[in-house]
Structures are given as structure tokens and as C-alpha cells.
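In what follows, a single structure is set out as C-alpha cells and then discussed.
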Amino acid sequence: MGRLPETISLSEIKKVVALAKLSIPDIDLEQFFIEINNILSHFDKLNRLELKEVSPTSHISWSQPPSNPDEPREWMAKEELFSQAPDVIDQYFIVPKVVDKQEE
């Protein structure tokens, strides 16, 4: 598993905000910068814990998790799905472009 960075710079946060095409005031970005770095600091503390002797768990509680029966059910026909889509070409859903080449 890759290591998380110890901190994220304000310029990195601004770059992500720009790529996501969000409009966030600088005062809020500065608060987010503080909060995200506090979270990363907490993860860093968790990563430093010695857990070799701790057995893994698959659930947060020891009770039996609920299970739903795996039963087949009717799905919409392709034609019905495509009729509800904004745009379809050759049985592919067409969606608006999110990232421009110049932003990568």
C-alpha cells in the first residue's frame, strides 16, 4: 500500500479545485488546507502503529452480518435504458467532456 503524503500544500489544493472546476473562496481553501493536513497527520499516526500482532477483522461488530438472498431479477431492456439517456451513439452513452487536454 502506498504511503500518504505527510502534508498537502495550498497550491496542490488549488490545483485540484481548478481541475474539478470548483469555485471556492480563498478563506475556505485555507480552512480546508488546515483540516486536510490535520487528517493526514492523523493517518500518519495510524500508519506508525505496530499492528503485526493484531489479527485482522472483516466487520466492525462480532455479530453475523445480514445477508440478502442472491436471486435473479428483471432488468430494463437495453432499448429502454438507451431511450432514457441524454445521448447514445452505437449503443454507448455519450457524456460531456470533463477534462480538457490543456488541463492534464
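The values are calculated or read from the model by the stated rules, or taken from the named source; none is laboratory data. Just so it is clear, the model here is predicted, and its values are computed rather than measured. With ideal geometry, Cβ positions are generated from the backbone for all residues, glycine too; neighbour counts draw on all protein chains shown.
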Looking only at segment 7-25, and only at residues there that are part of a loop (DSSP other than H, G, I, E, B) and at pLDDT 90 or above, the one that is surrounded by the fewest Cβ atoms within 10 Å (Cβ to Cβ):
S23
Go over the candidates D100, D28, D90 one by one and state the one that is among the charged types (D, E, K, R) and modelled with pLDDT under 90.
D100
